[in-house]
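Engineer: This is the structure, below, for whatever I ask next.
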Amino acid sequence: MSISKGASRWVICINNIAIKFPSLMSYTYFLYGQIANIEEMENSKFLPREKLCPIIFHLPFGLMTVMKRARILTEEEFSKFDYNAFCNPTFLSSYVEKKNDSFGYINDKIVAVDYA
Ligand SMILES: Nc1ncnc2c1ncn2[C@@H]1O[C@H](COP(=O)(O)OP(=O)(O)O)[C@@H](O)[C@H]1O
Ligand SMILES: [Mg+2]
């Protein structure tokens with residue numbers, strides 16, 4: 001099991017799933033986290049499915065999102081990764097930040113894990 005902290009969400013990885021909860025840093029960050037979970041769910045409906053880490057389950061009000069677990073790219077892997085080519089010609093760059101921990105491997109395929 002591992003816990004990662006993002007901008008507005010805390011992510012618990014157990015076995016092959018990643019569970020995203022709103023941050024407990026403060027009430028404000030909790031709200032941001034709820035919004036991020038809701039946005040991620042909405043964005044998954046129109047962004048290219050094959051480039052996204054799939055959402056398996058979610059609770060209403062952005063209280064929890066369950067995704068497949070990916071292996072996050074190392075900084076070295078990210079330096080060799082062509083972010084622009086990955087994001088074009090879709091609008092992915094508007095949703096996925098250009099940094100290593102926004103991406104991960106599922107099997108041998110790179111996917112975006114933070115697309116809120
Ligand atoms: N599907 C996933 N598999 C493995 N780790 C993940 C996954 N999703 C997120 N993480 C880890 O949790 C961190 C925070 O999640 P993220 O979606 O970036 O939250 P935030 O929107 O708050 O930045 C990520 O930077 C990454 O390290
Ligand atoms: Mg993030």
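Engineer: Report the relative contact order of the chain, percent, no decimals, based on alpha-carbon pairs under 8 angstrom and at least 6 residues apart.
Structural biologist: 23 percent
Engineer: For segment 6-19, in order, what is each residue's ³J(HN,Hα) by Karplus, 6.51 cos²θ - 1.76 cosθ + 1.60 with θ = phi - 60°, in whole Hz (x at glycine and Pro)?
Structural biologist: Listing the rounded values in order: x, 4, 9, 9, 9, 10, 9, 9, 10, 6, 9, 10, 10, 10 Hz.
Engineer: If neighbour count is taken as other Cβ atoms inside 10 Å, put SER94, SER23 in order from fewest to most. Don't skip to the end; give the middle numbers.
Structural biologist: Numbers: SER94 10, SER23 20.
In increasing order of surrounding Cβ atoms, one gets SER94, SER23.
Engineer: Taking R0 as 25 Å, what FRET efficiency do you get between ARG71 and TYR27 from their Cβ-Cβ distance, rounded to the nearest 0.05?
Structural biologist: Given R0 = 25 Å and the Cβ-Cβ separation, E is 0.15.
Engineer: Further question on the same structure: Starting from the Cα of ILE14, step 7 Å along the direction of its Cβ; do the same at SER94; then give the gap between the two resulting points in nm.
Structural biologist: Each label point is offset 7 Å from its Cα along the Cβ direction, giving 3.7 nm.
Engineer: Still on this structure, I have one more. Measure nothing fancy, just the Cα-based angle from helix 27-43's long axis to the longest principal axis of the chain, in degrees from 0 to 90, nearest 10.
Structural biologist: It works out to around 50 degrees.
Engineer: Could I ask something else about it? If I take R0 = 41 Å and measure r between the Cβ atoms of ASP82 and MET1 in this structure, what FRET efficiency does the formula 1/(1 + (r/R0)^6) give, to the nearest 0.05?
Structural biologist: 0.80
Engineer: Place +1 on the Cβ of every Lys and Arg and -1 on the Cβ of every Asp and Glu in segment 2-112, take the dipole about the Cα centre, and give the residue among VAL66, ASN100, THR28 whose Cα lies farthest towards its positive end.
Structural biologist: Farthest towards the positive pole: VAL66.
Engineer: Cα extents of the chain along the three principal axes, largest first, in whole Å?
Structural biologist: For the chain, the Cα spread along each principal axis is 37, 30, 23 Å.
Taken together, the values in this text are just the output of simple stated rules run on the coordinates, not laboratory data. These numbers were taken from a predicted model, which means no experiment stands behind them. FYI the Cβ positions are ideal-geometry reconstructions off the backbone, even for glycines, and counts take in every protein chain you see.
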